[in-house]
Amino acid sequence: MNFKQIMKITKEQYFQRQTTLSEIGAKGQDLLQKAKVLVIGCGGLGSPIAIYLATSGVGELHLVDFDTVSVSNLHRQVFFKVEDVHRPKVEVLANEIKKRAPFTKVTFTNEAICKNFVLELISNFDVVVDATDSLPIKYLINDACVLVKKPLVYGSLYKFDGYVSTFNMLNGDGDYTCNLRDAFPKIATDIPNCVEAGTLNPIVGIIALLQVNEVIKIISKTGKLLTNQLLIYNALENSQLKIKLKKNNSLIFEDIFRKSNYLDAHFTRQESALLISASELKNRLKDENIEIVSILNNLDTILPFYVHQKIPNKSFDVENFIPNFEKHYVIVCEKGITSYDVTLKLKEKFPSLNVFSLFEGIEKYA
């Protein structure tokens, strides 16, 4: 099909199979075309969510993500290609949408969502989709949606389990349905992300499409939503269950939002004095004074350089670490997040120790 033929495609042709459904029809398709959806996170969940929403006919999509494509993304973030490695995810994904969805306007913000601008951003959209993998950021998005009164389609993953719910929908009685703090009142601090725990690509796609399904139902006003309940799907057992949620009306979100910093290790500013760049490490690999220590859950991870010590992340204890003060230690991990945390702990315990974290981790080591 050449460019002139593409330009002749009509909405009627493009959405024919969807509008044939009596539950959608021309009216539902028109609602989708007029809708504005915000997708926060453009990785395993966000990339298929964005593509499917666009090709379903959502009129405006805005994508938010700070990250670039890495090699380890490719096995599950299937709309990114090998040649996209090191490019901004939002830019690549926006271009993929433009190739597929001629009736969708797509824009993006290439930075991390944060407290400073989240309320202003969310207020511009009809539906918000949480496709992030950071627990503090999930609570930030949730609290902002409650304050701005926007529906939120939530999705998260842990190993072979996926979680989906539609939060903060306006009821017929003028009240709003349950939100994330009704499902999980406190932010868990001991749950590893997919970098640490691992993930299988089918569960990522399944949960993403369940989120897309919720967005389409919200906009087209059809079907039964996952409100006041949390759907949990397990890929190993092919099982699912729904947990009923109860609204906690005692929460004062204005106070919660004001007092919370929602900080995540991904976005915490790292001190340059405690960092070593990939290029500097390359120049010092043959230095006999360098001692490289990997902090990874998977000790079989293939590393691009020789490592003197391999310590599983869960097993690391600063109290049991016996340093050689004649050495310069370089701590490495996948993304440079865990390694920086370990570096901080070692520096606090041993102020005179020469210890550095590999900036941005082995994923960006090239």
Non-local residues with an amide H under 5 Å from the amide H of residue 127, with H modelled 1.01 Å from N and Pro and chain starts lacking one, are 36, 38
Report the one residue of 304, 315, 289 whose Cα lies farthest in the direction of the positive end of the charge dipole of the range 286-343 (charges on C-beta: Lys and Arg +1, Asp and Glu -1; origin at the Cα centre).
304
Taking 7 Å along the Cα-to-C-beta vector as the label spot, tell me the residue 221-residue 173 distance in nanometres, rounded to one decimal.
2.2
For the range 51-100, what log10 I(q)/I(0) values come out of the Debye formula at q = 0.15, 0.26 1/Å, with one point per alpha carbon and no solvent?
-0.40, -1.03
Give the longest segment of the chain that steers clear of GluC sites (Glu not before Pro) in DSSP loops with at most 16 neighbouring Cβ atoms within 10 Å, not counting the sites themselves.
112-236
Suppose each label sits 7 Å from its Cα in the direction of the beta carbon; what would the residue 116-residue 237 distance come out to in nanometres?
4.5
Between the alpha carbon centres of the range 328-360 and the range 23-59 the gap in Å comes to 42
Provide, as a two-decimal number, the C-alpha radius of gyration of the chain over 2.2 N^0.38 Å, N being how many residues it has.
1.09
Please list, in chain and number order, the residues 5+ apart from residue 87 or on another chain whose amide H is under 5 Å from its amide H, with Hs placed from the backbone.
69
Would you list the P(r) distribution for the range 81-178, with all Cα-Cα distances sorted into 5 Å bins from 0 and each bin expressed as a whole %?
2, 10, 18, 19, 19, 17, 9, 3, 1, 0, 0
Could you run the Debye sum over the Cα atoms of the range 316-364, one equal point scatterer each and no solvent, and tell me log10 of I(q)/I(0) at q = 0.17, 0.18, 0.21 Å⁻¹, two decimals?
-0.45, -0.51, -0.67
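Using Stokes-Einstein with the Kirkwood hydrodynamic radius over Cα pairs, what translational diffusion coefficient do you get for the range 144-265 at 4 °C and a viscosity of 1.567 mPa s, in µm²/s rounded to a whole number?
Taking Rh from Cα pairs, D becomes 83 µm²/s.
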Mind putting together the pair-distance distribution for the range 1-149? All Cα pairs, 10 Å bins, whole percent per bin, short to long.
11, 37, 33, 16, 2
So which helices of the chain fit the span-like rule, where a helix is a whole DSSP H run, its Cα atoms reach 24 Å or more along the axis, and its mean Kyte-Doolittle is at least -1.0?
201-220
Rough spin-label spacing in nm, given labels placed 7 Å along Cα→Cβ, for residue 319 and residue 33:
6.6
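Quick one: order 255, 65, 133 from most to least accessible surface, probe 1.4 Å.
Correct descending sequence by accessible area is 133, 255, 65.
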When the Karplus curve 6.51 cos²θ - 1.76 cosθ + 1.60 is applied with θ = phi - 60°, which whole-Hz ³J(HN,Hα) does each residue of the range 234-241 get, with x for Gly and Pro?
10, 6, 5, 9, 6, 10, 8, 9
In a Debye calculation with equal point scatterers on the alpha-carbon sites of the range 215-287 and no solvent, what is log10 I(q)/I(0) at q = 0.13, 0.28 Å⁻¹?
-0.82, -1.14
Mind listing the long-range amide H neighbours of residue 290? Cut-off is under 5 Å, sequence gap 5 or more, other chains count too, H placed in the peptide plane at 1.01 Å from N.
328
I'd like the distance between the alpha-carbon centres of the range 274-289 and the range 62-92, rounded to an integer number of Å.
27
Shape descriptors of the range 72-125 over alpha-carbon atoms, Rg and Dmax in angstrom, are 13.5, 36
Give me the one-decimal Kirkwood hydrodynamic radius in Å for the range 225-366, with the sum taken over alpha-carbon pairs.
18.1
How high is the FRET efficiency between residue 349 and residue 308 when r is their beta carbon distance and R₀ equals 22 Å, given to the nearest 0.05?
0.70
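The values are calculated or read from the model by the stated rules, or taken from the named source; none is laboratory data. As the structure is a prediction and not an experimental result, all values here were calculated from the model. In this analysis, Cβ positions are derived from the backbone assuming ideal geometry, glycine residues included, and neighbour counts consider all displayed protein chains. The area values use the complete protein model at the heavy-atom level, side chains included, leaving out ligands, DNA and RNA. Shrake-Rupley method; radii C 1.70, N 1.55, O 1.52, S 1.80 Å.
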